Ligand SMILES: Nc1ncnc2c1ncn2[C@@H]1O[C@H](COP(=O)(O)OP(=O)(O)OP(=O)(O)O)[C@@H](O)[C@H]1O
């Protein structure tokens with residue numbers, strides 16, 4: 001209880017210091033925080049999961065992925081975590097892979113341009129990167145399409161080897177390319193970022209926070225290396241075989257082999273990303289939700305998929321919780337409704353065991369470093 005009181009007075013102090021207009025929300029915030037504390041105990045959530053101190057320890061690089069349904073506050077939570085890490089001495093990069101970027105809006109700074117941009121107003125190094133998954137995907141498709149055998153097929157037909165060319169065609173790579181799982185663009189983008197962050201010039205960044213696109217796709221992406229092995233991989237291998245046969249027959253290297261090598265490289269990166277995603281020493285996926293039955297159900301499905309893919313998840317953020325002391329009928333009805341939704345978490349086989357963090361709905365938008373710091377100090381404890 002003493003810790004809770006300390007936390008509340010700290011939040012009040014911060015709100016006065018940084019964003020005075022948050023203050024009206026704070027009387028109700030005290031009750032929400034109290035509720036949060038008792039709720040966490042009541043739900044008996046993963047007591048073995050430690051708080052922010054544990055996220056802070058160790059200088060070894062760690063990746064945090066924040067994901068959930070659209071509009072629940074993923075960007076705000078990710079940005080507040082990045083600010084908190086940076087203010088606690090961890091050189092940090094926050095990356096958005098959501099095509100509808102909102103990092104710039106969240107930090108109230110121009111962070112666009114697809115390159116690392118320093119974030120102003122934090123105590124130590126914080127860079128932001130908004131990457132364009134569509135662009136990464138275009139590169140991927142260009143690499144893939146070059147191995148579709150089209151060029152090879154024409155040459156082979158002109159040499160009377162049409163039958164083999166047709167067999168190649170039967171593999172229908174073009175169709176396969178159109179059946180690539182949705183969200184592939186995001187994993188391609190994430191794998192590219194992780195790859196370039198491996199370069200020694202970025203060694204100093206010990207915390208990487210990803211603000212991912214709305215639920216789901218990120219998960220299916222983890223099976224992408226298998227997809228590439230299973231489908232495109234077969235074509236790439238056949239293409240390679242044909243290329244060497246072509247070379248020994250006609251003494252000519254088949255154009256496009258570079259592209260298949262590129263695809264192989266990409267596949268290698270993605271397999272590496274999957275390994276990183278599954279390693280609890282390097283990665284944690286944090287689910288963000290709001291207290292509605294729909295969002296909680298989606299979070300439960302998200303957790304089930306993450307579990308299936310062996311991605312470590314320990315925490316669930318319930319954002320935008322209404323304060324308990326509402327003086328209007330609408331507010332108290334809304335809160336009751338939220339409490340019923342939150343109650344479901346207790347019995348949810350997927351979410352019941354996660355460490356819960358509740359964040360109150362504050363009475364203004366969370367924008368800019370001071371507001372993110374305020375949110376981070378409430379949330380990351
Ligand atoms: N606890 C909160 N109290 C008040 N406003 C909040 C809170 N959390 C987030 N917001 C506001 O809600 C809006 C949506 O938040 P945010 O952009 O973080 O969501 P998101 O899940 O990343 O959205 P998207 O799925 O569109 O990327 C923003 O205007 C943000 O300031």
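Every read-out reported here was derived from the displayed coordinates using simple, explicitly stated rules and does not represent laboratory data. These numbers were taken from a predicted model, which means no experiment stands behind them. In this analysis, Cβ positions are derived from the backbone assuming ideal geometry, glycine residues included, and neighbour counts consider all displayed protein chains.
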For the pair residue 349 and residue 100, the simple spin-label estimate (label points 7 Å beyond Cα toward Cβ) gives in nm 3.3 nm
Taking 0.36 nm per residue of separation between residue 339 and residue 198 and subtracting their Cα-Cα distance, the length gained on full extension comes to 46.4 nm
Nearest-0.05 FRET efficiency for residue 326 and residue 365 at R0 = 22 Å, using Cβ-Cβ distance, is 0.65
Here the gain from full extension of residue 278 to residue 310, 0.36 nm per residue of separation minus their alpha-carbon distance, amounts to 11.0 nm
